[in-house]
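The structure appears right after this line, and notes come after that.
The values are calculated or read from the model by the stated rules, or taken from the named source; none is laboratory data. Quick caveat, the model's predicted, so the values are computed rather than measured. Note: ideal-geometry Cβ built from the backbone for every residue, glycine included; neighbour counts use all protein chains shown.
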Amino acid sequence: MKIITGLLAPVPTRQAPRQESEATSAAEQPTAAPRQSQNPGSALLAAQRLLRETPEVDAQNVTACKAAIEAGTFKIDTDELARAMMDFHRHGY
């Protein structure tokens, strides 16, 4: 599956202006947890980078499945497989 990342851009966020009654002094404000980054798009960029670095195929899982098939220990739950196929065709996932 190829993901086109050139079309994705960080979405700017806007905060509603505060009313004077909502304004509090720095001493009255609760301490917020520190943010990892001030850039709202940085989480998306980090996720995109992780996705690019992640292989499309889990080689360890493939190797384990092949070994189980060769050993004759690979079990398939046909009821669960049929249920998953029906869900896919009914709901599209």
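Observations on the structure shown:
- Single residue of region 31-54 satisfying the filter (surrounded by 10 or more Cβ atoms within 10 Å (Cβ to Cβ) and part of a loop (DSSP other than H, G, I, E, B)) that is modelled with the lowest pLDDT: SER37
- Taken over region 60-93, residues that are assigned to a loop (DSSP other than H, G, I, E, B) and either surrounded by 10 or more Cβ atoms within 10 Å (Cβ to Cβ) or touching a helix residue (DSSP H, G or I) at 6+ places or on another chain (Cβ under 6 Å) (or both) amount to 1.
- The condition of being among the hydrophobic types (A, V, I, L, M, F, W, C), surrounded by fewer than 10 Cβ atoms within 10 Å (Cβ to Cβ), assigned to a loop (DSSP other than H, G, I, E, B) and modelled with pLDDT of 90 or more does not hold for VAL11.
- Condition met for VAL57 (modelled with pLDDT of 90 or more, under 25 Å from the mean Cα position of the chain (by Cα) and part of a loop (DSSP other than H, G, I, E, B)): yes
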